[in-house]
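Notes for the one structure printed next.
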Amino acid sequence: MGHGAEYARHSESAYGLAGCAAHRGLLRHRAAEWKIDPNKIGVLGFSAGGHLVAAISTHPKRIYQPVDKADNESCRPDFAISLYPGHMSANYRADLSRLNPRIRVTGQTPPTFLLHAQNDPIDPVEFSLLYYAALRKADVPVEMHLFAEGGHAFGLRPTGQAITKWPLLVETWLRTLGAIPEK
């Protein structure tokens with residue numbers, strides 16, 4: 001049994017993992033029709049969605065049998081953006097020293113952008129630190145931004161806190177990857 005299937009057997013994320021793979025395949029399959037670059041398809045998620053980004057990024061193969069031509073396209077994202085990812089440690093808050101064993105980073109993991117507030121009361125900053133360390137160990141290009149303040153679920157709403165400027169950081173990072181054009 002492949003790692004993706006093993007992940008699916010042990011995770012509530014199985015449907016999310018399968019659905020995201022199908023969507024990326026469909027985007028690539030219809031890229032010409034929709035006038036998008038099939039080599040610039042990424043994933044972005046917050047909190048539990050940030051965990052799903054990590055799961056998607058570390059499971060480049062489908063966990064289901066292909067059903068149409070879109071399923072023959074790559075489902076590996078070209079880049080990943082994970083903001084205050086959740087459930088990244090081996091045993092949630094009880095063990096913040098080890099990465100969740102279902103998140104298996106390899107050199108095939110796409111370039112990743114991480115962002116976290118140190119005062120996040122829901123998902124400890126250690127979650128991003130663990131993932132960052134694993135990405136670095138695998139020589140995956142990774143950019144991480146940590147902020148002292150910001151809490152959890154700051155999303156896109158602007159506030160007086162520096163962390164709400166994160167979309168500009170992502171935009172700059174995407175430019176350095178060549179995922180979006182220079183201004």
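So here's what we get for this one:
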| read-out | value |
| --- | --- |
| Protection proxy ranking of 51-57, 138-144, 39-45 - average other beta-carbon atoms within 10 Å, highest first | 51-57, 39-45, 138-144 |
| Charge tally in the Cβ shell below 15 Å around Phe127, where Lys, Arg are +1 and Asp, Glu are -1, Phe127 excluded | -1 |
| Cα gyration tensor category, rounded, prolate or oblate, for segment 26-125 with a/c compared to 1.5 | prolate |
| Straight-distance crosslink candidates among lysines, where the alpha carbon sits under 21 Å from Lys165 and sequence neighbours closer than 8 are dropped | Lys183 |
| Under 11 Å, Cβ to Cβ, from Gly150 - net charge with Lys/Arg +1 and Asp/Glu -1 | -1 |
| Shape of segment 44-183, Cα gyration tensor, a/c cut at 1.5 | oblate |
| Rounded percent of accessible protein surface that carbon and sulfur make up, segment 49-183, 1.4 Å probe | 54 |
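The values are calculated or read from the model by the stated rules, or taken from the named source; none is laboratory data. All of these numbers come straight from a predicted model, not from anything done at the bench. Methodologically, a virtual Cβ is constructed for each residue, glycine included, from the backbone with ideal geometry; neighbour enumeration extends over all protein chains shown. Ligands, DNA and RNA are excluded from the accessible area calculation, which covers all protein heavy atoms including side chains. Shrake-Rupley method; radii C 1.70, N 1.55, O 1.52, S 1.80 Å.
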